[in-house]
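A short reminder: the numbers here are calculations on the coordinates, not readings from a lab. Keep in mind that what you see is a predicted model, and the values were worked out from it rather than measured. Neighbour counts are summed over all protein chains in view; Cβ atoms, including those assigned to glycine, are modelled from backbone coordinates with ideal geometry.
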Amino acid sequence: MQQSPVEDTIANLNRLAQKPGVQATLVLSRQSGAIVQSTGLEKAETNGDSRPATSNADDSAEAKVARLQSVEETARLVFEYVTASSRIAHEMNGTNDDELKLLRMRTKRNELVIVPDAHYIAVVIHNTPPA
């Protein structure tokens, strides 16, 4: 039995989540930004700080992931970024028939690779490799 495109995408993101350096994956609704699936990010806690109580110079992978924002906050920020980038692409070209294919944002700590399509936004957050 053949997988649907959504199931295939989720399977690919689950495989990506197992790769070294990958901190998180997200699948968002393109229309609303609602979280369809996520790995590697914690849900927001209503009380208290979700950071680990102690840390040392040799941060573990768990400590690095704990520093990431909550899945809800990350999803909101990514959705706003994709929406703004789509608006820029449409206004630059003066037409709505052009669409985003790939967004990539790199910081000192992380790189976000964002692949929007008509229905979903796929996101992979990974460690920035040394230059």
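Things worth noting here:
- Relative protection proxy for 84-91, 28-35, from highest mean packing down: 28-35, 84-91 (other beta-carbon atoms within 10 angstrom).
- Inter-site label distance for Arg15 and Ser29 at 7 Å from Cα along Cβ, in nm: 2.8
- The order of Thr9, Thr95, going from fewest to most other C-beta atoms within 10 Å of their C-beta, is Thr95, Thr9.
- The ranking of Tyr120, Tyr81 by Cβ neighbour count inside 10 Å, starting from the fewest, reads Tyr81, Tyr120.
- Sequence of Leu41, Leu102 once ranked by neighbouring C-beta atoms within 10 Å, starting from the fewest: Leu102, Leu41
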